[in-house]
Amino acid sequence: MTVYNFCAGPAMLPPAVMEKAQAEFINWQGLGVSVMEISHRSKPFLKLAEECEASLRRLMNISDEFEVLFMHGGGRGHFSAVPLNLHLDSAPGVYVENGIWSVGATKEGAKFTQVESVDIRTDKDGQFDILPVSEWSLPQNASFIHYCPNETIDGIEIFEVPKHPTAPIVADMSSMILSREINVDDFDLIYAGAQKKYWSFWFKYRNYSQDVIRKRRPAKACNFRLCHRSKAK
Ligand SMILES: Cc1ncc(COP(=O)(O)O)c(C=O)c1O
């Protein structure tokens, strides 16, 4: 019997992919060792990482304007990394709230910067609903706009993308990345994780030499410092 997992986040993988991984697990690319056992700085592993990035760029149509970073720290690590890299002293981080994870991001953000939350949950004819983007009260003065297009636990998906005249748009795509086509250019920073449990995240942001990053003080912790992690540093 085949078991299907329809949950948001960790999802089914093509059997052919898993069978290939299984076959190569003990002896990867004829090296006589597993990919898990070789150095993370060795040429074969770095080539794998490069191919992985190229595949992701192709699949999501990510332009060179964006860096793609594979990072540790899980979703909550990025709740910290966003304000640590994007906050401005003169403007709050604006957090759109529509469920458990977006509220969690606000709470974490408040440890590092001033925050302003925008609750988009509402009631329509006695039914739970969320406001359309045109009715979100986003303040003009904002260091970034953070929102969660798919609230995993609450089961709420937002299909529109907010816009802001000055603040970068940041999206927690932890439980919807690659589930549907998106226009990466509508965002300034996206984070998400592969099948959740591998703890590595993709951090994409418009090239930091742009005004958005230059005006900000990057995080001090080197693993969370986007400029440090970027090849363009
Ligand atoms: C939308 C969303 N954001 C953040 C997280 C937190 O991720 P982590 O458990 O890796 O810290 C989750 C976890 O399931 C999630 O679904």
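The values are calculated or read from the model by the stated rules, or taken from the named source; none is laboratory data. Just so it is clear, the model here is predicted, and its values are computed rather than measured. Note that we place each Cβ from the backbone using ideal geometry, even for glycine, and neighbour counts take in every protein chain shown. Quick note on the areas: whole protein, heavy atoms, side chains included, nothing else; ligands and nucleic acids left out. Shrake-Rupley method; radii C 1.70, N 1.55, O 1.52, S 1.80 Å.
Annotation: of all residues in segment 57-74 being at pLDDT 90 or above and assigned to a helix (DSSP H, G or I), the one that is nearest to the ligand (Cβ to nearest atom) is 60. Every condition in (1) touching a strand residue (DSSP E or B) at 6+ places or on another chain (Cβ under 8 Å); (2) open to solvent by less than 10 Å² (accessible area, probe 1.4 Å) is met by residue 97 except one, and the failing one is (2). Scanning segment 75-92 for residues that are in a strand (DSSP E or B) and either within 16 Å of the ligand (Cβ to nearest atom) or open to solvent by 10 Å² or more (accessible area, probe 1.4 Å) (or both) yields a single hit, 88. Has segment 42-55 got any residue that is within 16 Å of the ligand (Cβ to nearest atom), open to solvent by less than 40 Å² (accessible area, probe 1.4 Å) and not aromatic (Phe, Trp, Tyr)? So far as segment 42-55 goes, no, none of its residues is within 16 Å of the ligand (Cβ to nearest atom), open to solvent by less than 40 Å² (accessible area, probe 1.4 Å) and not aromatic (Phe, Trp, Tyr). Within segment 171-182, residues that are closer than 23 Å to residue 103 by Cα have Cβ atoms under 6 Å from residues that are within 8 Å of the ligand (Cβ to nearest atom) in these pairs: 172/148; 174/75; 174/193; 175/8; 175/9; 175/150; 175/152; 176/150, counting only partners at least 6 apart in sequence or on another chain.
Give segment 120-143 a look and list any residue that's within 16 Å of the ligand (Cβ to nearest atom) and in a strand (DSSP E or B), or say none. 121, 130 - these are the residues of segment 120-143 that are within 16 Å of the ligand (Cβ to nearest atom) and in a strand (DSSP E or B).
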